[in-house]
Structure formats: structure tokens, C-alpha cells
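*Asks:* Here it is, the structure, as C-alpha cells.
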Amino acid sequence: MPRLSEVDRHRALGLLQAGLPISVVFLRMNVNRTTIFRLRQRLHETDTVSDRSCSGRPRSTTQRQDRNLVRNHMNNRFLSGSASSRQTRGRNNQRISANTARRRLSTSALRARRPYIGPILTQRHRCQRTLWSQEHAAWDRI
């Protein structure tokens, strides 16, 4: 069953106030009968049909900021989670943690990865590799 949006709630209440019975309203709105019944009951008890506040910690980012984080990550797929979090500000212009950035990316089936550049070579390593290749340049296969 689809959840009723704010507009659909007011539309259902308008149908009820127009005199239509609950049995007709829930069929027109494609929801369960108890949904319309509870909607009418909530209007009588609280004089509002808006969502009640939810328990739990509030999200540190909005949905728009989450989309922006995903879009930035799609432009540069090898950003780490900490680099993504530095580019994104949360609600009230607060910084978000790297774990928050990783969780937001994982909801979009993305991963924050560190790019693999290759083995770290010192100047000594480079010189030894060059010498080895010069010594073995003239070798033939037997």
C-alpha cells in the first residue's frame, strides 16, 4: 500500500467532508480502510494531519545534500570517505564525519575508495630498476 502524501491526506479529508463514506474514499485513494479511518481520527484529536515527529537522532544531512554528495562522488570516483566528507557540509553548516559520507554513498551502491597508484618507489629504487634494465637490455631468449 502506498503511503499518503500531505496533498493526498487533504484530498481524502475533502472527500470525507463532501459526504462520501469511508468505503468510497479508501477505494478512490487506493489505501487501506484503516488508513482513512485513522486519518479522520487524527484530525479530530489533534486538528492536524501532518506527520508526527519521529523518535531517534535527527539526520546530519538533508536528502539534497545526500544527492550532492553522490553527484560529487560520481565526478571523481576515487575520492575517499574523508575527502568526500570534507567537501560536504551538513545541516547548519556543520562538518559531517567520514563514516556518514560512506553510509550515504553506500545507500546509492557506491563505495569511497582510495585510488591505487602503485608501489611507492624511492629514488634509490628507480636507479636500481634503471640499472637492471640497462644490464639486461641486450639479453636474448635461449
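Residues checked against (1) in contact with a helix residue (DSSP H, G or I) (Cβ under 9 Å, 6 or more places away or on another chain); (2) open to solvent by less than 60 Å² (accessible area, probe 1.4 Å):
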position	(1), (2)
Leu4	yes, yes
Arg9	yes, yes
Pro21	no, no
Val25	yes, yes
Asn30	no, no
Arg38	no, no
Glu45	no, no
Arg52	yes, no
Ser55	no, no
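*Asks:* Looking for something loosely packed, with under 13 Cβ neighbours inside 10 Å and more than 15 Å from the chain's Cα centre (by Cα) - is there at least one such residue anywhere in region 61-76?
*Replies:* The answer is yes, given that some residue of region 61-76 is loosely packed, with under 13 Cβ neighbours inside 10 Å and more than 15 Å from the chain's Cα centre (by Cα).
*Asks:* Separate question: Which of the residues that make up region 84-114 are free of Cβ contacts under 8 Å to residues at least 12 places away in the same chain, more than 13 Å from the chain's Cα centre (by Cα) and either on the phi > 0 side of the Ramachandran plot or open to solvent by less than 100 Å² (accessible area, probe 1.4 Å) (or both)?
*Replies:* The answer is Asn92, Asn93.
*Asks:* Can you find a residue that is aliphatic (A, V, I, L, M), touching a helix residue (DSSP H, G or I) at 6+ places or on another chain (Cβ under 9 Å) and more than 18 Å from Ala109 (Cβ to Cβ) anywhere in region 71-88?
*Replies:* Yes, some residue in region 71-88 is aliphatic (A, V, I, L, M), touching a helix residue (DSSP H, G or I) at 6+ places or on another chain (Cβ under 9 Å) and more than 18 Å from Ala109 (Cβ to Cβ).
The values are calculated or read from the model by the stated rules, or taken from the named source; none is laboratory data. Since this is a predicted model, take the numbers as computed values, not measurements. Cβ atoms come from the backbone with ideal geometry, glycine included; neighbour counts cover every protein chain shown. Accessible surface is based on the protein model in full, side chains and every heavy atom, while ligands, DNA and RNA are left aside. Shrake-Rupley method; radii C 1.70, N 1.55, O 1.52, S 1.80 Å.
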